[in-house]
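*Asks:* Here it is: the structure, laid out below.
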Amino acid sequence: MTWSDTLLRTLKDNEVRLVAYVPDNVLTPLINAVAADNYFVSVGATREDEAVGTATGAYLAGLRSAVLMQTSGFALIANALASLVVPYQIPAILVISERGMLGEFNVGQTLVARTMRPTLDALGIVHHTLTDQSTLRFILDSSIKQAFTTQAPTAFILSPLLTGGNPAAHAQLL
Amino acid sequence: MNSERTSVATLSRMALTRRLVERLKHDEAVVAGIGNTNFDLIAAAHRPQNFYMLGSMGLACPIALGVALAQPQRGVIALEGDGSMLMMLGSLATIANMRPANLTIIIWDNGIYQITGKQATATGGVTDIVAVARGAGFPVGEWVRDAAHFDALIDRRFEMGGPVLLAAKIDDQPGQGRQARDPPLIRRRFMEGLGTSRD
């Protein structure tokens, strides 16, 4: 099983049915698999905070949801997290493909990536950096269950160690 | 150009919100954007199916889309100010492409950021929010000509084939109700109103 297969299976096992996303190269297999599977309601959003809003509405109305985004997109959602997700106790499942390290070629990505964990920590959002297929299923499944049970958001940061990183990046590096 | 939006009557947000709520007979969900939109909804009726945002400016329509997708049998209404809508224009494209037939968006357009000091918005200038919605792919986008037209549009909103966006030119009167500021309570009450609470 690839990391994408494991993530998709774990979302299904936890009845997470709406997936809102802004595209990302690394997330492509997961985005495509969700779109091809009638179990899921797939929502392609124009911005990451929009995706967080739609995922929140779906949860409130009884449909568990997840949001897929890239590191730079995470930088757009601080206000949505601080004014909606955290105070309203929304168990948002945030899946973030990590750019900005381990072979990044875009200096903007290296800088914005450094804002991600401090933002999550400042808001008290539990986050896990996923590096290893062997622990992936346990971390995802237990944390998603914890999120819905404790009425709290959780973030999964998909490290290049897990995903192999951006497939287009290698050709850009000196 | 823009003759439609400049020929409609200037209406009262409070009066239209009351007219809207009176016409909701099926526990429709109403998601209200921040500020005066919220205040007037609370003043009109503090229904369990109302969701009040506190700070996530622009997210009323995305939240309402999520509610509409999760409960396709329930009517869902997003109330949003022009300034907030301008912050999240992309969501109109998303909604038009998702085509939730049960979703109606109502824009209160007074052409100003009323609550921050009445600075002009783009819709106070040349931008026509109904034309933007139509261009985004909304099958129905209508300017509200007067209060009776508003009632008729609300009553006919499912027949017209959704999603529907209505925009009303409104005056600059401040909102009348008092904001609820207890987010967990707002969430819990809304979920009870939608039948999704765990207990």
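We did not get these values from a lab; they are worked out from the coordinates using the rules stated. Worth saying up front: this structure is predicted, and the values here are computed from it rather than measured. Here the Cβ positions follow ideal geometry from the backbone for every residue, glycine too, while neighbour counts run over all protein chains shown.
*Asks:* As an exercise, find the ratio Rg/Rh for chain B from alpha-carbon atoms, using the Kirkwood inverse-distance average for Rh.
*Replies:* On the way: Rg = 15.4 Å, Rh = 16.5 Å.
A ratio of 0.93.
*Asks:* Within 10 Å of each residue's Cβ, count the other Cβ atoms and sort B:GLU28, A:GLU98, B:GLU159 from fewest upward. Could the numbers behind the result be given before it?
*Replies:* Working: B:GLU28 18, A:GLU98 27, B:GLU159 8.
Starting with the residue having the fewest Cβ neighbours, the order is B:GLU159, B:GLU28, A:GLU98.
*Asks:* Fewest Cβ neighbours within 10 Å first, please rank A:HIS127, B:HIS46 accordingly.
*Replies:* Going from sparsest to densest Cβ surroundings: B:HIS46, A:HIS127.
*Asks:* Could you work out [θ]222 nm for the protein assembly as shown from helices alone, using -39500 (n - 2.57) per DSSP H run of at least four and dividing by all its residues? Round to the nearest 500 deg cm²/dmol.
*Replies:* Working: 17 runs with 150 residues, N = 373.
Per the formula, -11500 deg cm²/dmol.
*Asks:* Also, quick follow-up: Please compute the modelled spin-label separation between B:GLN179 and B:LYS118, points set 7 Å along Cα→Cβ, answer in nm with one decimal.
*Replies:* My value for the distance between the label points is 2.0 nm.
*Asks:* Given Cα pairs under 8 Å that are at least 6 residues apart, what percent is the relative contact order of chain B?
*Replies:* Working: 381 pairs, mean separation 57.7, N = 199.
Here the relative contact order equals 29 percent.
*Asks:* Okay, next question. Could you work out the percent of alpha carbon pairs in segment A:1-152 separated by over 21 Å, rounded to a whole number?
*Replies:* Values: 4731 of 11476 pairs.
Of all Cα-Cα distances in segment A:1-152, 41 percent exceed 21 Å.
*Asks:* Percentage of Cα-Cα pair distances in the protein assembly as shown greater than 34 Å, rounded to whole percent? Spell out each step's value before the answer.
*Replies:* Working: 19074 of 69378 pairs.
The proportion of pairs with Cα distances above 34 Å equals 27 percent.
*Asks:* Multiply the residue gap between A:ALA36 and A:LYS145 by 0.36 nm, knock off their C-alpha separation, and tell me the result in nm, one decimal place. Intermediate results must be reported in sequence, preceding the final value.
*Replies:* On the way: separation 109, 0.36 × 109 = 39.24 nm, distance 2.49 nm.
Going from the current span to full extension adds 36.8 nm.
*Asks:* What nm distance separates the two modelled labels at A:PHE138 and A:HIS170, each placed 7 Å from Cα along Cα→Cβ?
*Replies:* So the two model labels end up 3.1 nm from each other.
*Asks:* Please report the relative contact order for chain A, taking Cα pairs under 8 Å with a sequence separation of at least 6, and give it as a percent rounded to a whole number. Before the final figure, lay out the partial values.
*Replies:* On the way: 308 pairs, mean separation 41.5, N = 174.
Result for chain A is 24 percent.
*Asks:* Okay, moving on. What is the average number of partner chain Cβ atoms found within 10 Å of a Cβ in B:184-197?
*Replies:* Values: counts 4, 1, 3, 9, 3, 0, 3, 4, 0, 1, 3, 2, 5, 2.
For peptide B:184-197, the averaged partner shielding equals 3.
*Asks:* To continue, here is another question. Take every DSSP beta bridge with both residues inside segment B:23-135 and express the antiparallel ones as a percent of the total, to the nearest 5. Don't jump to the answer; show the numbers that get you there.
*Replies:* Details: 2 of 15 bridges.
Rounded to the nearest five, the antiparallel share is 15 percent.
*Asks:* Continuing with this model, one more query. What fraction of the DSSP beta bridges in the protein assembly as shown is antiparallel, stated in percent and rounded to the nearest 5?
*Replies:* Working: 2 of 50 bridges.
Percentage antiparallel, nearest 5: 5.
*Asks:* Mind checking which lysines have their C-alpha under 26 Å from B:LYS118, skipping anything on the same chain fewer than 8 residues away?
*Replies:* B:LYS169
*Asks:* Right, another one. Averaged over A:38-45, how many beta carbons belonging to a partner chain fall within 10 Å of each residue's beta carbon? Walk me through the intermediate numbers first.
*Replies:* Details: counts 0, 0, 0, 4, 1, 8, 4, 7.
Whole-number average of other-chain Cβ neighbours for A:38-45 is 3.
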